[in-house]
Structures are given as C-alpha cells and as structure tokens.
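Visitor: Below is a structure I'd like to ask you about.
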Amino acid sequence: MPDDAVRPMFRQDLLREGTSDQELRGHLRSERWIPVVPGAYLPHGVAAQLSNQERYGVLIASALPKLGERSVLSHQSAAHIHGLPLWGIDMSKVHVTRPKRSGGRQGPTVVSHARLMDSRDWALIGDHMVTSVARTVVDLAAALPMQQGVVIADAALHRKLVTPQQLSECLAEIGRRPGIGRARATVAFANGLSESVGESRSRVLMHKFQMPVPELQMDIFDEDGRFLARSDFGFKSQRTLGESDGFVKYSRYLRPGETPADAVFREKRREDSVRDRSWEMVRWVWPELDHFGVVYDRFRRAFRRGALR
C-alpha cells in the first residue's frame with residue numbers, strides 16, 4: 001500500500017495488544033470504531049474524513065491478509081495502488097486475478113478473475129503482487145465504458161507510468177477475450193497530453209459528438225512570436241480554443257502571494273490577449289460534462305464566428 005495510506009486495525013492485532021473482545025464490541029456498539037470488513041476496523045473520526053478513493057484503499061488493505069498467495073491485485077484495485085484516478089468506477093469490492101484459465105468468482109468483498117499471466121503482467125509492490133500498469137490499463141479498458149477507460153489510460157500515459165508501445169504489446173499478448181475491441185479502441189484513443197480527468201472526459205465527449213479532432217495543449221503566440229497562452233484544446237481551422245474546468249481550476253495554479261481572485265483576473269487578461277489574436281474561446285465546468293450537448297452548442301456557435309475571422 002502507498003506509504004501515506006490509512007491502515008485499518010485488525011481484530012487479531014487488537015487482541016494480541018490487550019484489547020478484550022468485550023471492549024472491542026463496546027467500541028463497535030458505540031460506533032467509535034467502524035467495521036470495514038469483518039475483523040478490520042477504523043476509528044469513526046478517521047473514517048468520516050476519508051475520500052471515496054482513500055476509503056477504497058482501506059478496503060484493499062483490509063482484504064489483503066485474506067487473499068491467497070497466488071492472488072494478484074488487479075483492475076481498479078491495482079489502479080488504486082498505482083495512483084491512477086478511479087473516476088466513475090465501482091469501489092465497493094477488491095479485485096484480484098488468479099493465474100488460471102477459469103474459475104472466476106465474486107464474493108461479498110472480493111471479485112476474483114481468472115486469467116493467464118506471465119511475469120511481465122505483474123509486479124511486487126510492498127508485500128503483495130499487483131498487475132503491471134500496462135495490464136491494469138488494458139484490463140480496465142476491456143471492462144469499462146470508454147470514458148472511464150480513457151481517463152485511466154490518459155493518466156497512466158501522462159504520468160509516464162507506461163508507454164504506448166507497452167500498452168500495444170499487452171493488447172497483443174492477451175489475445176481474444178470479452179471487451180478486447182473496446183480495449184483496443186480505448187488504447188488507440190488515449191493520449192498522454194491530457195492533464196486531468198476533466199480533459200480526458202471532454203475528449204471522449206467531443207469524439208462522441210463528432211467534433212473536429214482538437215490539438216491538445218496548444219500554444220498561442222502573438223505576431224512577434226512571443227508566447228501568449230496554452231489552451232487545453234485548440235481547433236486551428238475554426239480559430240477556437242477550449243478550456244476544461246474553467247475558473248474552477250485556477251486555485252490549483254496560484255502564484256506565491258496570490259488569491260483566487262488574482263488568478264481569475266490574470267486569466268481574464270490572458271484570455272483578452274488571446275481574443276485580440278482573433279481566437280474564439282469556449283469554457284465549461286465539471287457539471288457540464290454530464291450535459292455536454294450544452295457545451296457542444298457553445299462550440300458550434302464559436303466555430304461559426306471563427307470561420308468569419
């Protein structure tokens with residue numbers, strides 16, 4: 001598990017350290033301790049502060065002692081260990097793969113997949129085996145809708161945890177299996193230039209709405225060749241730029257001593273300078289990704305105006 005992961009308290013450890021069964025039951029009755037899985041607990045105050053992905057890490061840590069020696073953490077559980085974003089992915093169960101042809105099963109806490117693997121498909125992280133980044137991306141690309149699969153693949157490529165060649169080789173090695181066509185399409189679409197979940201989702205939605213293929217992280221220069229700005233998405237023929245997250249993301253890039261209002265003002269000046277170069281600008285925020293038709297209409301109007309410039 002990652003060094004900063006929250007770790008559960010295990011019943012056998014508590015008993016060995018002097019906590020009695022009666023005291024343990026009292027903690028659970030009063031809800032001072034919250035059960036994660038049978039025999040593993042978290043203090044209520046700690047559990048209440050965890051994000052969904054942190055809570056999933058606790059679930060994985062709680063299940064590890066009960067996994068067999070040949071169980072390899074895989075799918076979303078491996079993605080969590082590799083630090084990949086789990087947007088839109090079920091985190092209610094731990095996923096493992098056992099290296100055999102058949103015999104997958106689903107229990108109350110653990111989903112066991114049966115797939116043949118070789119030594120390149122897994123790595124030892126800490127004291128447990130985890131599928132490699134390439135195998136993790138491909139497994140999820142085969143199992144998930146394209147949006148979720150691209151989010152995972154884009155993040156792995158952007159963080160240089162895997163190369164396009166490694167993904168292609170993994171696809172070729174696993175051969176025919178359910179979801180392989182979707183996995184190939186997801187890997188082919190993935191791009192390490194996408195810098196966030198929002199950008200990855202936006203790219204998939206642009207493709208779904210049959211928009212022109214954008215240039216990612218496009219630089220804009222003035223007439224003297226001086227750098228003005230970098231845009232998430234650039235449509236040169238339509239003289240239109242696109243920015244995912246809009247003003248929501250500015251707080252991430254505050255300069256020393258700046259307030260969010262300073263960053264917004266700086267961004268407005270940047271956008272004005274870009275518009276002065278005859279570029280249209282389209283912005284959208286996270287909730288609009290669930291209603292992308294609104295964003296698409298915004299782009300269509302911008303494309304029409306850009307064509308007249």
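Visitor: Positive end of the charge dipole of the stretch 67-192 (Lys, Arg +1 and Asp, Glu -1 on Cβ, about the Cα centre): tell me which of Pro108, Gln76, Ala123 has its Cα farthest that way.
Guide: Of the options given, the answer is Pro108.
Visitor: What are the principal axis extents of the Cα atoms in the stretch 23-176, in Å, biggest first?
Guide: Answer, in whole Å and largest first: 55, 32, 27 Å.
Visitor: At a threshold of 8 angstrom on Cα-Cα distance, excluding pairs fewer than six apart, so keeping six or more, what relative contact order does the stretch 67-192 reach in percent?
Guide: On the way: 209 pairs, mean separation 29.5, N = 126.
It comes to 23 percent, rounded to a whole number.
Visitor: Listed highest first by mean packing, meaning other Cβ atoms within 10 Å per residue, what order do 147-155, 19-27 come in? The partial results should precede the final answer.
Guide: Working: 147-155: 26.7, 19-27: 12.1.
Highest-to-lowest ranking by the protection proxy: 147-155, 19-27.
Visitor: For Lys93, Lys208, Lys160, Lys66, what's the fewest-to-most ordering of other Cβ within 10 Å of each Cβ? Intermediate results must be reported in sequence, preceding the final value.
Guide: Values: Lys93 19, Lys208 12, Lys160 8, Lys66 15.
Ascending number of Cβ neighbours within 10 Å: Lys160, Lys208, Lys66, Lys93.
Visitor: Relative to the Cα centre, what is the charge dipole magnitude of the chain, using +1 at the beta carbon of each Lys and Arg, -1 at the beta carbon of each Asp and Glu, and rounding to the nearest 20 debye? Display every interim value, and only then the final one.
Guide: Details: 46 positive and 37 negative charges, 197 e Å.
In debye, rounded to 20, the chain gives about 940.
Visitor: So what is the 222 nm mean residue ellipticity for the chain from helices alone, if each DSSP H run of at least 4 adds -39500 (n - 2.57) and you divide by all residues, rounding to the nearest 500 deg cm²/dmol? Each step should come with its number before you reach the end.
Guide: Numbers: 12 runs with 129 residues, N = 309.
Estimated from H runs of four or more residues: -12500 deg cm²/dmol.
Visitor: Next question, about the same structure. I need the calculated FRET efficiency for the pair Ala48 and Ala172, taking r as the beta carbon distance and R₀ as 45 Å, to the nearest 0.05.
Guide: According to the calculation, E is roughly 0.45.
Visitor: Return the long-range amide H neighbours of His95 (sequence gap of 5 or more, or a different chain), with a cut-off of under 5 Å between placed amide H atoms.
Guide: Sorted by chain and number, the residues that satisfy this are Ser74, Ser77, Val111.
Visitor: Mind checking the log10 I(q)/I(0) for the stretch 168-212 at q = 0.26, 0.30 Å⁻¹? Debye, one equal scatterer per Cα, no solvent, two decimals.
Guide: -0.95, -1.06
Visitor: How big is the gap, in Å, between the Cα center of the stretch 210-237 and the Cα center of the stretch 23-78?
Guide: Answer, in whole Å: 46.
Visitor: Quick check for me: using +1 on Lys/Arg Cβ and -1 on Asp/Glu Cβ, what's the dipole size of the stretch 63-210 about its Cα centre, in debye to the nearest 20? Numbers along the way, then the final one.
Guide: Details: 19 positive and 11 negative charges, 99 e Å.
Using only the charged Cβ atoms, the result is roughly 480 debye.
Visitor: Using the Kirkwood radius built from alpha carbon pairs, what does the Stokes-Einstein equation give as D for the chain at 10 °C and 1.306 mPa s, in µm² per second? Can you show the working numbers first?
Guide: Working: Rh = 22.2 Å.
It comes out at roughly 72 µm²/s.
Visitor: For the chain, build the charge dipole from Cβ charges (+1 Lys, Arg; -1 Asp, Glu) around the Cα centre, then report which of Val138, Pro38, Ala229 sits farthest towards its positive end.
Guide: Val138
Visitor: For the chain: lysine pairs with Cα atoms under 25 Å, gap of 8 or more or different chains, count?
Guide: Values: Lys66/Lys93; Lys66/Lys100; Lys160/Lys249; Lys208/Lys236; Lys208/Lys249; Lys236/Lys249; Lys236/Lys268; Lys249/Lys268.
Taking the Cα cut-off of 25 Å, the pair count is 8.
Visitor: What are the semi-axes of the equivalent ellipsoid of the stretch 1-63, taken as the square roots of 5 times the eigenvalues of the Cα gyration tensor, listed largest first and rounded to whole Å?
Guide: Working: eigenvalues 84, 36, 15 Å².
Over the Cα atoms of the stretch 1-63, the semi-axes work out to 21, 13, 9 Å.
No lab work stands behind these numbers, since they all come straight from the coordinates. Values in this document were obtained by computation on a predicted structure and should not be read as measured data. Positions of Cβ are backbone-derived with ideal geometry, glycine not excepted, and every protein chain shown enters the neighbour counts.
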